[in-house]
Amino acid sequence: MKKKIPDQLVQSLDRAIDIIEKVIESNRGYGVTELSNSLGLHKSTVYRLLATLAYRGYVEKNDKNDRYRPGVKMIEISSSVLNNYELRTKIKPYLIQLRQKTKETVHLGILDNLEVVYIDKVETNETIRMYSRVGKRAPLHCTSLGKVLIAYTRDEQLVNDLIGNKGLKGYTDNTIIDSDKFKDHLKEIRKRGYAVDNEEHEKGIRCISAPIFDFSGDLIAAFSIAGPTTRMTKKRVDELVSLVKTFSRDISTSFGYYE
């Protein structure tokens, strides 16, 4: 559901947060003109906000190319939040076990504002791997994590909000873009207890994901095993189903969930 703009919104703060979120998106950073054009703000406004954010350490300027990137303060805050995030801490050992058993990258994700947010990952040691980072957002309808998160939500309106507000964008030829087919696909996920991203978000990447429930039976997160299709073949994904469902049950049990 789209968030309502509060009556007490502080415009300058809202704009500063827009700038921070933009700067975080790019590995190259952003220049003043790029930010101005992207956010529809006057260059002088962007410059003043960047100067304030730089003073407080939230962004820093690369003097060689005049581009701004996340500052040390952002790293400090994100590390503090993640280190104190109980969900992440409790599930981490299971993610490590999964990586050890599969030799592939394992992700932990939650639902936020009709998107997946990666809150933890354990990286594979293999040379060829998928790109991802903690804090990254991804679409719900074409990632295995996202499909699990939306399939098991108790708020049925979220599916309609996703289709109506975000849309079912086609990222590859395999992406499900038809709303009726997507809804049927979610029913199948709930029936079998896991979801697969069969090169639906990125060509050459295949993932399998399963839900994590709390003591009340509410979905609190999902985890996935992801890798290149050269290793994550369809046959191997089928072989991982039993392991994924076992870990889904075991992690959920650790939060007090019983079927």
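Could you grab me the full set of residues in segment 214-228 that are within 17 Å of LYS90 (Cα to Cα) and within 18 Å of the chain's Cα centre (by Cα)? LEU219, ILE220, ALA221, ALA222, PHE223, SER224, listed by residue number. Number of residues in segment 3-45 that are part of a loop (DSSP other than H, G, I, E, B) and among the small types (Gly, Ala, Ser) equals 4.
Listed here are the residues, each with its yes/no results for (1) assigned by TED's automatic domain parsing to the domain that holds LEU145; (2) modelled with pLDDT under 90.
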{"position": "TYR47", "(1), (2)": "no, no"}
{"position": "ASN62", "(1), (2)": "no, yes"}
{"position": "ASN65", "(1), (2)": "no, yes"}
{"position": "TYR68", "(1), (2)": "no, no"}
{"position": "THR102", "(1), (2)": "yes, no"}
{"position": "LEU108", "(1), (2)": "yes, no"}
{"position": "ASP112", "(1), (2)": "yes, yes"}
{"position": "VAL117", "(1), (2)": "yes, yes"}
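Filtering segment 26-45 to residues that are among the basic types (Lys, Arg) and either surrounded by 12 or more Cβ atoms within 10 Å (Cβ to Cβ) or modelled with pLDDT of 90 or more (or both) leaves only LYS43.
When segment 156-173 is examined, which residues are found to be assigned to a loop (DSSP other than H, G, I, E, B) and within 20 Å of the chain's Cα centre (by Cα)?
Going through segment 156-173, the residues assigned to a loop (DSSP other than H, G, I, E, B) turn out to be 156, 167-173.
Across segment 156-173, the qualifying residues are GLY167, LEU168, LYS169, GLY170, TYR171, THR172.
Any chance you could count how many residues in segment 181-195 are surrounded by fewer than 17 Cβ atoms within 10 Å (Cβ to Cβ) and under 16 Å from CYS142 (Cβ atoms)?
Step one: filter segment 181-195 for residues surrounded by fewer than 17 Cβ atoms within 10 Å (Cβ to Cβ), giving 181, 183-185, 187-188, 190-193.
Then drop every residue that is not under 16 Å from CYS142 (Cβ atoms), which leaves 181, 183-185, 188.
Final tally of qualifying residues: 5.
Of the conditions (1) within 13 Å of GLY146 (Cα to Cα); (2) surrounded by fewer than 23 Cβ atoms within 10 Å (Cβ to Cβ); (3) under 16 Å from the mean Cα position of the chain (by Cα), GLU202 fails just one. Which one is it? The failed condition is (1).
Listed by first and then second residue, the pairs linking a residue in segment 238-250 that is closer than 9 Å to ALA210 by Cα to a residue that is assigned to a helix (DSSP H, G or I) and of a type in the set (Ser, Thr, Tyr), with Cβ atoms under 8 Å apart and 6 or more places separating them unless they lie on different chains, are PHE247/TYR94. Sub-7 Å Cβ pairs linking a first residue in segment 193-208 that is on the phi > 0 side of the Ramachandran plot to a second residue that is buried (at least 21 other Cβ atoms within 10 Å of the Cβ), at least 6 apart or interchain, are GLY193/ALA210; GLY193/SER248; GLU199/ILE205; GLU199/ARG206, ordered by first then second residue.
The values are calculated or read from the model by the stated rules, or taken from the named source; none is laboratory data. Because the structure is predicted, anything quoted here is derived from the model rather than measured. With ideal geometry, Cβ positions are generated from the backbone for all residues, glycine too; neighbour counts draw on all protein chains shown.
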